[in-house]
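Only one structure is covered here, and it is reproduced in the block below.
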Amino acid sequence: MKQVQGFIKKYKGIIPVFFLMLLSAGLMATLQKTENAYGLDTKIDSGKKIYEERCLICHGAEGDGKGLVGVIRRSEKSGRIMEIYPRDFVKAVFKFRTTSTGCMPTDEDLLRTIENGISRSFMPSTKEILSAAEREAVKEFIKTLSEWWEEEEPCEPIKVKKLEWVGSFSSVEKGKQLYEKMKCWECHGHEGKGDGPKAEDLKDDQGHKVLPFDFTTGALKRGSSPENVYITFTTGLDGTAMPSYEDTLEEEDRWHLVSYTLKLMQLKGRDE
């Protein structure tokens with residue numbers, strides 16, 4: 001006991017510093033563990049909460065597209081009834097990407113859809129509803145719903161640069177010839193009304209009947225700027241009958257096809 005008292009007396013000026021150092025080290029370790037435990041998880045938890053409040057009703061609790069809303073039907077002026085199915089995030093097959101067919105979308109692709117919504121469907125824009133940080137959190141949560149995000153290697157986005165002659169008379173004529181040559185009319189019809197001979201037989205990967213787009217009704221779901229139309233022809237719409245032309249048409253030919261379909265939509269190559 002005397003030895004302990006002697007030790008304390010001898011080093012009493014150092015002991016508080018020693019314990020302060022221990023406390024600081026422990027505090028730093030705790031903060032580091034907290035950051036590791038809650039840094040990314042907090043973002044995912046936040047995204048999950050927003051998903052449950054705003055997305056679950058359509059996309060389902062498991063993200064499999066089996067929410068309470070179910071199939072949504074939308075009528076067109078022509079009388080066609082479109083059946084719209086919420087995206088199944090578990091299967092992770094995405095239509096709207098800037099990556100090649102078979103590739104997962106980039107983070108920017110997901111954020112773009114979350115922010116802008118999908119025209120002509122019931123997927124709303126969140127520009128005025130969610131902050132950039134909240135949209136980022138939702139995106140991160142969506143990526144936890146499928147193992148494909150862990151298993152698939154990311155692909156580089158396809159570069160898009162509109163050529164100056166897009167929308168010109170000569171480009172429209174070349175696009176019209178390609179439209180016939182590539183047999184786009186078999187699904188979309190010779191006048192682009194979605195009434196081709198194969199139109200009634202098309203199904204998606206889930207076996208649901210799908211109708212080819214009627215270009216005469218206006219804007220595409222992903223948007224109808226020349227760049228958006230080009231990326232659709234280049235990537236295709238995975239999970240549907242709409243193929244990618246990345247390997248079957250040269251870049252210029254894809255732009256000619258853009259010119260012609262923009263004319264069918266009466267957009268004449270102008271931006272959105």
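Miscellaneous remarks
- Qualifying residue in the range 247-261 (condition: in contact (Cβ under 8 Å) with a residue 24 or more places away in the chain, open to solvent by 40 Å² or more (accessible area, probe 1.4 Å), hydroxyl-bearing (Ser, Thr, Tyr) and part of a loop (DSSP other than H, G, I, E, B)): yes
- Residues that are open to solvent by 50 Å² or more (accessible area, probe 1.4 Å), within 17 Å of residue 59 (Cα to Cα) and not hydroxyl-bearing (Ser, Thr, Tyr), drawn from the range 80-92: 83, 87, 90, 91
- Looking only at the range 80-92, and only at residues there that are among the β-branched types (Val, Ile, Thr) and assigned to a strand (DSSP E or B), the one that is farthest from the chain's Cα centre (by Cα): 81
- Search result, residues across the range 212-229 that are of a type outside the set (Lys, Arg) and within 21 Å of the chain's Cα centre (by Cα): 212, 213, 219, 220, 223, 224, 225, 226, 227, 228, 229
- The condition of being out of contact with any helix residue (DSSP H, G or I) (no Cβ under 7 Å at 6 or more places or on another chain) and hydroxyl-bearing (Ser, Thr, Tyr) holds for only one of 101, 113, 126, 144, that being 113.
- Residue count, the range 117-157 (criterion: over 26 Å from residue 84 (Cβ atoms) and among the aliphatic types (A, V, I, L, M)): 2
- Scanning the range 98-120 for residues that are under 21 Å from residue 67 (Cα atoms), in a loop (DSSP other than H, G, I, E, B) and open to solvent by 30 Å² or more (accessible area, probe 1.4 Å) yields 119, 120.
- Criterion: assigned to a loop (DSSP other than H, G, I, E, B) and surrounded by fewer than 17 Cβ atoms within 10 Å (Cβ to Cβ) - qualifying residue of 77, 95: 77
- Filtering 234, 240, 216 for residues that are assigned to a loop (DSSP other than H, G, I, E, B) and among the hydroxyl-bearing types (Ser, Thr, Tyr) leaves a single hit, 240.
- Members of the range 105-129 found to be more than 8 Å from the chain's Cα centre (by Cα) and not small (Gly, Ala, Ser), listed by number: 115, 116, 118, 120, 122, 123, 124, 126, 127, 128, 129
- Selection from the range 218-246 of residues that are crowded, with 18+ Cβ neighbours inside 10 Å and under 15 Å from residue 82 (Cα atoms): 220, 221
- Scanning the range 110-120 finds one or more residues that are charged (D, E, K, R), out of contact with any Gly (no Cβ under 9 Å at 6 or more places or on another chain), at pLDDT 95 or above and over 27 Å from residue 247 (Cα atoms).
- Restricting the search to helices (runs of 4 or more DSSP H) fully inside the range 125-209 and requiring at least 2 residues that are more than 21 Å from residue 235 (Cβ to Cβ) and open to solvent by 40 Å² or more (accessible area, probe 1.4 Å) gives 132-142, 169-181.
- The range 46-68: number of residues that are open to solvent by 60 Å² or more (accessible area, probe 1.4 Å) and in contact with a helix residue (DSSP H, G or I) (Cβ under 7 Å, 6 or more places away or on another chain): 2
The values are calculated or read from the model by the stated rules, or taken from the named source; none is laboratory data. These numbers come from a predicted model, not from an experiment. Backbone-built Cβ (ideal geometry, glycine too); neighbour counts: all protein chains shown. Please note that ligands, DNA and RNA were not included when accessible areas were found on the heavy atoms of the full protein model with its side chains. Shrake-Rupley method; radii C 1.70, N 1.55, O 1.52, S 1.80 Å.
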